[in-house]
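These notes are about the structure you will find just below.
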Amino acid sequence: MSARIIKENVYSVGAIDWDERHFHGYTYVTKRGVTYNSYLIMDEKITLIDTVRDGFQKEWLGNIKAVTDPSKIEVVIINHIEPDHSGGFPEIVKLCPNAQFYGTEKARAGLLKYYGVQAKNWTSVKSGASVNIGKRTLDFIDAAMLHWPDNMFTYSAYDKILFSNDGFGQHYATDKVFDDEVDYAAFMDELQKYYANILWPFSQVLAAKLAAIAKLNLQIELIAPSHGLVLRKYIPEVMEKYLFWSKNSTVNKIAVVFETMWKSTEAMAKKIVEGIASEGVDAVLFDVTKTDRTDIAAYMLDAKGFIFGSSTHDGEMLPVIAGFLHFLKGSKAKNRKAFAFGSYGWSGEAVQDIQDTVGNIAEFGEPVKVVFASTQEELDKCFQAGKEFAKKIKAT
Ligand code: FEO
């Protein structure tokens, strides 16, 4: 790719990772790939915002070279040190030894630990600090825990651009630049999946940060994250979603997530969903061994009801749902209702195991347990459990 203009004299110069399918180790399935966005501002002092993941420096530097000689960069801003954004840090330090670097103090220390490299001219900044680069003054806004303690945003009042790094990102590899250049539903799907899998645990911080930013009365025409598309058309829609999700607000829908050994727990799950449907409440049934956990989490982000099922195996829930629930409990979800169900042979610990694992993210009602396979009467009980749960979801 080449550099792409997002505003006069502001270029997107990052890299596109079309093939990435397991991002962040093995925690996030990125079915549409990933981008590592970096931005170049051509002002009196040429300024670079963020770098790219290791392995993508060639594409990134090629994009910068399409605009200017990289060694002419005088200001480098590091909004976040996670390796998907800081992989090019050692290279830019080498290429621009006299550049002035800006980031939080935690960013400085983290970069040194990651790379053993320190920029000669580094200024640690906090909210309220800024740097003048010519026509523009760039303001720094603390964004700790969005997504790591070192994060910050950078705002250009001249351009009315908020450079938000992980905030407002989406994992969406595309040669397009702006939100309105791709399919809206696909864009919003990736936005929701990203929030669920990256930012959900930090919702409380995010809600406070959104409120603080609102008080600053920033004029924002573009939000330029370091993953995915630049927000141009859909800023109001995205802000509305972020406000909703950050408050752990929910809609009347239910996720039924299960793992089964001999299809007895699966039969229970299907009856529970029938019971929910009889009340006109939306539910989606997820066999956790078949649907990727990051897609399930995306659905659950705004679901008021969580129902988890597992057969009992060696005195515990089954291993795939166990992994999923350990992953999910990190979401710190709030305001959810739940119950557990499952079949068992002789002791039936799975339902308690489920409640013990994710009791922190939902209020659990009575579990439903069945020995071996369900009788018709027991299937009716599952139907009724789903129906009563759906009524509770509608009532609260
Ligand atoms: Fe995209 Fe927290 O890194």
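The values are calculated or read from the model by the stated rules, or taken from the named source; none is laboratory data. The shown structure was predicted, so the numbers you read here are calculated from the model rather than taken from an experiment. Because the Cβ atoms are built from the backbone with ideal geometry, glycine has one as well, and the counts that use them run over all protein chains shown. Ligands, DNA and RNA are excluded from the accessible area calculation, which covers all protein heavy atoms including side chains. Shrake-Rupley method; radii C 1.70, N 1.55, O 1.52, S 1.80 Å.
Restricting to the stretch 237-271, what's the tally of residues that are without any contact (Cβ under 8 Å) to a residue 12 or more places away in the chain and on the phi < 0 side of the Ramachandran plot?
1
With respect to the conditions (1) acidic (Asp, Glu); (2) open to solvent by less than 60 Å² (accessible area, probe 1.4 Å); (3) within 20 Å of the chain's Cα centre (by Cα), GLU240 falls short on a single one, namely (2).
Picking from residues in the stretch 216-243 that are assigned to a helix (DSSP H, G or I) and among the aliphatic types (A, V, I, L, M), the one that is farthest from TYR158 (Cα to Cα) is LEU243. Which residues, counting only those in the stretch 149-165, are within 16 Å of the ligand (Cβ to nearest atom) and not in a strand (DSSP E or B)? The answer is PRO149, ASP150, ASN151. The residue of the stretch 270-316 that is farthest from GLN384 (Cα to Cα), among those that are open to solvent by less than 10 Å² (accessible area, probe 1.4 Å) and part of a strand (DSSP E or B), is ALA303. Only a single item in (1) in the same structural domain as VAL182 (by TED's automatic domain parsing); (2) over 23 Å from the mean Cα position of the chain (by Cα) is not met by THR260, and it is number (1). Residues that are out of contact with any helix residue (DSSP H, G or I) (no Cβ under 7 Å at 6 or more places or on another chain) and among the hydroxyl-bearing types (Ser, Thr, Tyr) were ranked within the stretch 115-146; the one that is nearest to LEU216 (Cα to Cα) is SER127.
Would you check if there is a residue in the stretch 168-191 being open to solvent by 50 Å² or more (accessible area, probe 1.4 Å), touching a strand residue (DSSP E or B) at 6+ places or on another chain (Cβ under 8 Å) and not assigned by TED's automatic domain parsing to the domain that holds HIS326? Within the stretch 168-191, one or more residues are open to solvent by 50 Å² or more (accessible area, probe 1.4 Å), touching a strand residue (DSSP E or B) at 6+ places or on another chain (Cβ under 8 Å) and not assigned by TED's automatic domain parsing to the domain that holds HIS326. Residues that are within 16 Å of the ligand (Cβ to nearest atom) and crowded, with 18+ Cβ neighbours inside 10 Å were ranked within the stretch 90-127; the one that is farthest from THR47 (Cα to Cα) is GLY110.
Do we find a residue being over 11 Å from the mean Cα position of the chain (by Cα) and among the polar types (S, T, N, Q) anywhere in the stretch 192-200? No, because not a single residue in the stretch 192-200 is over 11 Å from the mean Cα position of the chain (by Cα) and among the polar types (S, T, N, Q). Could you grab the pairs with beta carbons closer than 9 Å, sequence gap of 6+ or different chains, first residue in the stretch 170-181 and part of a strand (DSSP E or B), second one open to solvent by 20 Å² or more (accessible area, probe 1.4 Å)? If the second residue must be open to solvent by 20 Å² or more (accessible area, probe 1.4 Å), the pairs left are PHE178/ARG232; PHE178/LYS233. A single entry from PHE372, PHE383, PHE339 fulfils the requirement of being among the aromatic types (Phe, Trp, Tyr) and under 29 Å from the mean Cα position of the chain (by Cα): PHE339.
Pairs are defined by a Cβ separation below 8 Å, a sequence spacing of at least 6 or placement on different chains, a first member in the stretch 61-89 that is within 11 Å of the ligand (Cβ to nearest atom) and open to solvent by 40 Å² or more (accessible area, probe 1.4 Å), and a second member that is outside any helix (DSSP H, G or I) and of a type in the set (Asp, Glu); the pairs so defined are PRO83/ASP54. Residues in the stretch 32-51 that are closer than 17 Å to THR68 by Cβ and within 14 Å of the ligand (Cβ to nearest atom): 4 in all. Among residues of the stretch 274-294 that are over 17 Å from VAL251 (Cα atoms), those with a Cβ under 7 angstrom from a residue that is open to solvent by 50 Å² or more (accessible area, probe 1.4 Å), sequence gap 6+ or separate chain, pair up as GLU274/PHE383; GLY275/PHE383; GLY275/GLN384; VAL288/VAL320; THR289/VAL320; ARG293/PHE327. Would you check if TYR195 is out of contact with any strand residue (DSSP E or B) (no Cβ under 6 Å at 6 or more places or on another chain), touching a residue at least 60 places away in the same chain (Cβ under 8 Å) and open to solvent by 20 Å² or more (accessible area, probe 1.4 Å)? Answer is no for this residue.
Among the residues making up the stretch 40-60, those that are open to solvent by 30 Å² or more (accessible area, probe 1.4 Å) and over 28 Å from the mean Cα position of the chain (by Cα) are MET42, GLU44, LYS45.
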